[in-house]
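The values are calculated or read from the model by the stated rules, or taken from the named source; none is laboratory data. Predicted, not measured: the structure shown is a model, and the values here were computed from it. Methodologically, a virtual Cβ is constructed for each residue, glycine included, from the backbone with ideal geometry; neighbour enumeration extends over all protein chains shown. Just the protein is used for accessible areas: all its heavy atoms, side chains included, with ligands, DNA and RNA removed. Shrake-Rupley method; radii C 1.70, N 1.55, O 1.52, S 1.80 Å.
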Amino acid sequence: MSKKLNLGVLIALSAIGLNGCKTLYPKPSEGQLVNLVQAPLAPTANELRAQIKGYGRKIIIEPVETTEKSYQLYSNLINDNLKQLLMSSGNTVVERGLSKKFLAELKAAEARGVYKENGPIIADTAITVKLASLGYSGEFYESSTWKDKDGKSHRDPAYCKFESQAKLFVHVYKIPSMEMVNKYDYDGEESTRIEMNSSRCPINKGTLDGLYRAAISSALKSGTATTMNDLAPSAYIVERRDLGNESLYRVTINGAKGAHAGGKVRFYRKEKNVNPITKDVRVDELLIGEGEITDSIDATGAYVLVKDKAIIDKLMIGDVVKLKHQEACDGVWIFDKCVANPINTSTSLIGNLL
């Protein structure tokens, strides 16, 4: 088959995907059940039952802190977006803010590097958010004329281009130790153009508010994928069905915990390590590989398709499974790339992959 034909086929397949046709996945009934050995650190029966019935991490989101009083207007927007994103992967967001005493202790512990070993037990994770900066700029563009390929003249009116930027600082802590897990910077921006003749580029309150909200939403979209992957609840492999060159794995992630056809998961093996000097024991999760969730999803789990034989040969019952969250895409995902305008860009994108 020629490269030209390959390109045409791939573009056609992309178009089919864009038009909403579903991918055809193998069914569990088509596979042969395989007896697998258990992973060295597989969950106990009680731990597995608790995970299936549970709701991931229990998270407190502290009311958003702002560097300017006027920014408080956007606190609910940030809090609500974070809450929905965290809950979409099976976490539970506790319906209450942290107490003033707890927040003071949290900040003091962060500053001193000394953490308590007791504290609130209503959650295992705390998130603090600061809206660090929010601003905009306006640039004036004079009217201009130009000619098309037929020699016909056109005139573009004068306009102002407005751009807004937002930055958020997000910190994640363990409870009750108050030990910092990680910190993240979210950056977002938005722009719009408005026809006007004033070089001062005046902007009304409503337009500015819309720009600010769009920049904050952009920041949340660009940053939360990493945070959600770090906070993704652990699930487990409980079954394998052989399909010849591929295999289906039953995992304990259902729709309520974020499972959806076409979604990606990562597989990990738990491994116990002992510090040779302190003799302290730590448990690491080592990445094995990835798989794709099929459309076989029910109330207690889903089936994941794995095509890579090297991964298939390694996976065991009880290995850890976590949803893989991608950054937000305003277009569509093609070959793990976000394409804003697939009609105009699919040729160049697919051409680069051939």
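Pairs linking a residue in the range 147-167 that is touching a residue at least 24 places away in the same chain (Cβ under 8 Å) to a residue that is assigned to a loop (DSSP other than H, G, I, E, B) and loosely packed, with under 14 Cβ neighbours inside 10 Å, with Cβ atoms under 8 Å and 6 or more positions apart or on different chains, are PRO157/SER143; ALA158/GLU142; ALA158/SER143; ALA158/ASN197; CYS160/SER198. A residue that is of a type in the set (Asp, Glu), under 25 Å from the mean Cα position of the chain (by Cα) and over 29 Å from LYS58 (Cα atoms) cannot be found anywhere in the range 261-284. Meeting the requirement of 2 or more residues that are of a type in the set (A, V, I, L, M), under 19 Å from VAL37 (Cα atoms) and open to solvent by 40 Å² or more (accessible area, probe 1.4 Å), the strands (runs of 3 or more DSSP E) wholly within the range 226-329 are 281-297.
Within the range 152-168, the set of residues being under 29 Å from GLY135 (Cα atoms) and surrounded by fewer than 17 Cβ atoms within 10 Å (Cβ to Cβ) comprises ASP156, PRO157, ALA158, LYS161, GLU163. In the range 15-62, of all residues being within 24 Å of GLY90 (Cα to Cα), loosely packed, with under 14 Cβ neighbours inside 10 Å and of a type in the set (A, V, I, L, M), the one that is modelled with the lowest pLDDT corresponds to ALA50.
Number of residues in the range 67-80 that are part of a helix (DSSP H, G or I), open to solvent by 60 Å² or more (accessible area, probe 1.4 Å) and not small (Gly, Ala, Ser) equals 5.
Restricting ARG193, ARG200, ARG213 to those that are open to solvent by 60 Å² or more (accessible area, probe 1.4 Å) and in a loop (DSSP other than H, G, I, E, B) reduces the list to ARG200.
To keep it simple, each residue is scored yes or no on (1) farther than 30 Å from ILE311 by Cβ; (2) modelled with pLDDT under 95.
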{"site": "GLY210", "(1), (2)": "yes, no"}
{"site": "ALA214", "(1), (2)": "yes, no"}
{"site": "THR226", "(1), (2)": "no, yes"}
{"site": "ASP230", "(1), (2)": "no, yes"}
{"site": "GLU239", "(1), (2)": "no, no"}
{"site": "LEU243", "(1), (2)": "no, no"}
{"site": "SER247", "(1), (2)": "no, no"}
{"site": "ILE253", "(1), (2)": "no, yes"}
